[in-house]
Each structure stands twice: as structure tokens, then as C-alpha cells.
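*Asks:* Sharing a structure here in C-alpha cells format.
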Amino acid sequence: MRVIEIHPGGLEAMQIVERPDPKPGPGDVVVRWHATSLNYHDYLVAIGAIPVPEGRIPMSDGAGEIMAIGEGVSRWQVGDKVMSLFFPNWIEGRPTAAKTRGISGETVDGCMAELAIVSAESLTGMPEGYSYAEAATLPCAALTAWRGLVEEGDLRSGEKVLIEGTGGMSLFGLQIAQAVGARVFATTSSPEKAERLKGMGVEAVVNYREDERWGRTLFKLSGGGVDHVLDVGGGSTMQHSIDAAAMGGHIVSIGILGDGRKGSITFPKFFFKHQRMTGIAVGSRVMQEAMVAAINVSGWKPIIDREFAFEGLADAFRYQATGGHFGKIVVTI
Ligand SMILES: NC(=O)c1ccc[n+]([C@@H]2O[C@H](COP(=O)([O-])OP(=O)(O)OC[C@H]3O[C@@H](n4cnc5c(N)ncnc54)[C@H](OP(=O)(O)O)[C@@H]3O)[C@@H](O)[C@H]2O)c1
């Protein structure tokens, strides 16, 4: 079977290598991964910004089918369609250091492999009617949006949600918010993408490159602020997110796009607006199962911008780095 390995030197140094077909041990299954999708986290691993051991198999997202079952496994049967977990050891409950130490495609091997041994506990089913490509978009980006809005934010119909940018995670935020009956506001750097967002039912879109006070603009356009923000920029966006949010609004700190690893905020504005901020990193298996159940009822499908072949992983990352995409980039395996 073929896998792609990470080696020092960034995208050019990634290697396709042959490895022996795996056999499942007790409690394990063998999965044939059919598709993976790109997340910003995978990009940081691929370019060496997140250091990993040489030979690490990248990609946290995978969708595939069970090929063989190890001793003692009753959760799955051969032929079942499954999805990976970003944190293979976080099954349920609140996060702990032990549950979140294993990160697929970073601290443990990921899904850029034709076959893989996976613990039977570290998989969920796919939504009904989803292709492998569609299911492979969900485990990192969709689960993050789901957790931020539904699990942590207790999103209700009629509430207002701000999504920032048009990356994979943000567009899942849009679709999940609409499935719950919430109203959606957005930012983007592209006039064309702004039109697409409006076509999808977004009430108002602000260009964060052109409007230096885009948070305040969104506060006004939303009629007194939004109830939920999916913040993707950290230090580069958080003050705007606080400005855009309503009294009592909930801000989910998710990313650091735009060099936002560090930053400053005006604290009185935050606490006199009685706001709440939750830092999150993806979610548990139980949360992923709840999200799949919700998709099975509401039926929304992910927005796939482009698909690449197995050999095209480096090109897929180069395309992601241009920021030209709208939604998810998929690689078929
Ligand atoms: N904490 C977690 O669990 C978690 C999980 C998933 C993702 N994330 C984080 O969430 C962020 C987005 O991830 P993704 O995988 O959806 O990325 P992605 O698909 O690569 O999306 C990036 C998009 O974000 C927008 N953007 C870029 N720079 C921006 C800035 N300075 N301010 C506002 N928007 C900006 C752009 O949208 P336009 O082209 O429309 O301008 C760009 O297309 C990343 O920081 C990622 O690390 C965190």
C-alpha cells in the first residue's frame, strides 16, 4: 500500500512510499481511506511549521471503509463506512491532556494512506448519502464549527452568527447555523466570495481588508450585534469580534489567521458587554456522532471547492495557500 510521508524541507520533501499492508491487532480495524481533506492545521504540518517526526503520515481527516476486523471488535463490520477523529483518544466528556495528546496527522499517523490500522473506538459512521469525498471534509472543520456553535454556544433559532472568512470551518459554521434556524453574517476579503455568501442567505457581508472597523460595521448591520462569533484570527481579529458581538455574546476562539498568535483587546469593552469567550480545539467522538445525527436529519452537504488526486497533495496545499478556495479542498486516495 502507498502512503505519503512528511520529511524535513516542506512540501517539496513529501514522499510517496510503499509500506506492507497492515493487519489488525486486538481492538483494531483496518480502514481503506478513500478521501481526505485539507485543514489549515495539515498545511502547518506539511510546511514544517508544526514539527513532526520524520516519516509521519499527514492529514487528520479521512473517510473510508472497514476492510478487516481485529479480535474483540464488535462496533464495526467489514464494509462499514467510517470517518476519522482529529483526537483519536477523545471519546467523550470534557477534554483532558491525556485525551487530546494524540492528534491525527501530527503526534500520530494520519489518513494519507491507502490502508491504516485504527482503534475501533477512534472512528464514527459517515452521514447517510454522503460520498467519501463529502465525509472526508467533516472531522476537523465541521466538528469545530458544530462544537463552537451548538455544544459550547447552545445556538438557538433566530440568533445571529458571525462567520469570518470563507474557509472550510467558517462555511460549516454557516450551514450549521442555518440548519438550526439562525441568521448569518460574514466577512471575506473577496467581492466575488461576498456575492456567493449572499446567494447562500448571508444577510450582510463586510470586506475585512477594506473596512478597518469591520467589527463595528457588523454590530450596526446586525442591529445591535451578533450572538455568536466563530473567531479565526485571534490577535488579528479578536477586537473586531468583540466589537461585532452583542451584549452577552459568545465568541469562540478558533484560529490565528493573519499572524494572530498574540494580540491585545480592550478588556472593559469585553466585560461591560458581558461577553463570554471559549477556546476550543475540535471535539470528541460523541460530539462527532451528534453532528452526524444532525446532518442525517437536516441533510446539508459540504461545499467542496476542488478535488486533487493522491499524487497531488503538495499541489493541493499550494492551492490552499493562495486562499482562492471557497469551502473545502479534498484529496482522493
Ligand atoms: N481550533 C480548532 O479546533 C480549529 C479547527 C479548524 C480550523 N481552525 C482554524 O480556523 C482557521 C480556518 O481554518 P480552515 O481550515 O477553515 O482554513 P482555510 O480553509 O484555509 O480558510 C482560510 C480562510 O480564512 C480567511 N482568512 C484568511 N486570513 C484571514 C484574516 N486575517 N482574517 C479573517 N479571515 C481570514 C480567508 O477567507 P476569504 O478568502 O473569504 O477572505 C481564507 O480563505 C485556521 O486558523 C485554523 O487553524 C481551528
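*Asks:* Once Lys and Arg get +1 and Asp and Glu get -1 on their Cβ, which of 64, 126, 88 lies farthest toward the positive end of the dipole of the stretch 41-155?
*Replies:* So the residue we want is 88.
*Asks:* List the trypsin sites (Lys or Arg not before Pro) in the stretch 106-202 that DSSP assigns to loop (not H, G, I, E or B) and whose Cβ has at most 12 other Cβ atoms within 10 Å. Which are they?
*Replies:* Passing both the DSSP loop test and the Cβ count: 156.
*Asks:* What's the whole-number percent of alpha carbon pairs in the chain lying beyond 38 angstrom?
*Replies:* Within the chain, distances greater than 38 Å cover 14 percent of Cα pairs.
*Asks:* Another question, if that's okay. Tell me, how many Å apart are the Cα centres for the stretch 124-165 and for the stretch 210-256?
*Replies:* Comparing the Cα centres of the stretch 124-165 and the stretch 210-256, I get a distance of 20 Å.
*Asks:* If you put +1 on each Lys and Arg Cβ and -1 on each Asp and Glu Cβ, how big is the dipole of the chain around its Cα centre, in Debye rounded to 20?
*Replies:* Working: 31 positive and 38 negative charges, 210 e Å.
Magnitude of the dipole: close to 1000 debye.
*Asks:* Turning to a different aspect of this structure: Which aspartates and glutamates have a Cα lying under 17 Å from the Cα of residue 193, excluding residues fewer than 8 positions away in the same chain?
*Replies:* 164, 203, 210, 211, 305
*Asks:* Just how much of residue 240 is accessible, in Å², when a 1.4 Å probe is used and the result is rounded to the nearest 10?
*Replies:* So the heavy atoms of residue 240 present about 40 Å² to solvent.
*Asks:* Can you tell me the dipole magnitude for the stretch 177-333 around its Cα centre, using point charges on the Cβ only (Lys, Arg +1; Asp, Glu -1), in Debye to the nearest 20?
*Replies:* 400
*Asks:* As I understand it, the dipole of the chain uses +1 on the Cβ of Lys and Arg and -1 on the Cβ of Asp and Glu, about the Cα centre. Which of 79, 284, 105 lies farthest toward its positive end?
*Replies:* Of the listed residues, the answer is 284.
*Asks:* Could I ask something else about it? Are there trypsin sites (Lys or Arg not before Pro) in the stretch 245-333 that DSSP puts in a loop and that have at most 14 other Cβ atoms within 10 Å, and which ones?
*Replies:* Details: sites: 261, 262, 269, 273, 276, 285, 306, 318, 328; in loops: 261, 262, 273.
Of the trypsin sites (Lys or Arg not before Pro), the ones in loops of the stretch 245-333 whose Cβ has at most 14 other Cβ atoms within 10 Å are 261, 262.
*Asks:* What are the principal axis extents of the Cα atoms in the stretch 47-192, in Å, biggest first?
*Replies:* 49, 36, 33
*Asks:* Show me the three semi-axes of the equivalent ellipsoid for the stretch 109-166, from the C-alpha gyration tensor (sqrt of 5 times each eigenvalue), largest first, rounded to whole Å.
*Replies:* That gives 28, 13, 12 Å for the three semi-axes.
*Asks:* If you don't mind, there's one more thing I want to ask. Report, to the nearest whole %, how much of the accessible area of the stretch 132-217 belongs to carbon and sulfur atoms, 1.4 Å probe, protein only.
*Replies:* Accessible surface attributable to carbon and sulfur in the stretch 132-217 totals 42 percent.
*Asks:* Whole number in Å², please: accessible area per residue of the stretch 94-158, 1.4 Å probe, ligands, DNA and RNA not counted. Don't jump to the answer; show the numbers that get you there.
*Replies:* Values: 2280 Å² over 65 residues.
Here the residues of the stretch 94-158 average 35 Å² of exposed surface.
*Asks:* Moving on to the next point. Are there GluC sites (Glu not before Pro) in the stretch 21-94 that DSSP marks as loop and that have at most 15 other Cβ atoms within 10 Å, and which are they?
*Replies:* Here the sparse-neighbourhood loop sites are 54, 71, 92.
*Asks:* As a quick test, which of the pairs 198/220; 262/301; 160/301; 160/269; 273/301 have an alpha carbon distance above 27 angstrom in this structure?
*Replies:* Values: 198/220 18 Å; 262/301 35 Å; 160/301 22 Å; 160/269 20 Å; 273/301 36 Å.
Violating the 27 Å limit, Cα to Cα: 262/301; 273/301.
*Asks:* Among 88, 58, 24, which one shows the highest mean-square fluctuation when the chain is modelled as a Gaussian network with alpha-carbon springs under 10 Å?
*Replies:* In this elastic network of the chain, the residue with the biggest mean-square fluctuation among 88, 58, 24 is 24.
*Asks:* Can I ask one more? In terms of the Cα gyration tensor, with a ≥ b ≥ c the square roots of its eigenvalues, is the stretch 180-333 rounded because a/c is under 1.5, prolate because a/b exceeds b/c, or oblate? List each step's numbers first, then the result.
*Replies:* Working: a/c = 1.62, a/b = 1.44, b/c = 1.13.
It is prolate, given that a/c is not under 1.5 and a/b is the larger ratio.
*Asks:* If each DSSP helix of 4+ residues adds -39,500 (n - 2.57) and the sum is divided by the residues in the chain, what number results at 222 nm, nearest 500 deg cm²/dmol?
*Replies:* Result for the chain: -7000 deg cm²/dmol, rounded to the nearest 500.
The values are calculated or read from the model by the stated rules, or taken from the named source; none is laboratory data. As the structure is a computational prediction, the values presented were derived from the model and not from experiment. Positions of Cβ are generated from backbone atoms using ideal geometry, with glycine treated the same way; all protein chains shown enter the neighbour counts. Side chains included, ligands, DNA and RNA excluded: accessible areas come from the protein's heavy atoms. Shrake-Rupley method; radii C 1.70, N 1.55, O 1.52, S 1.80 Å.
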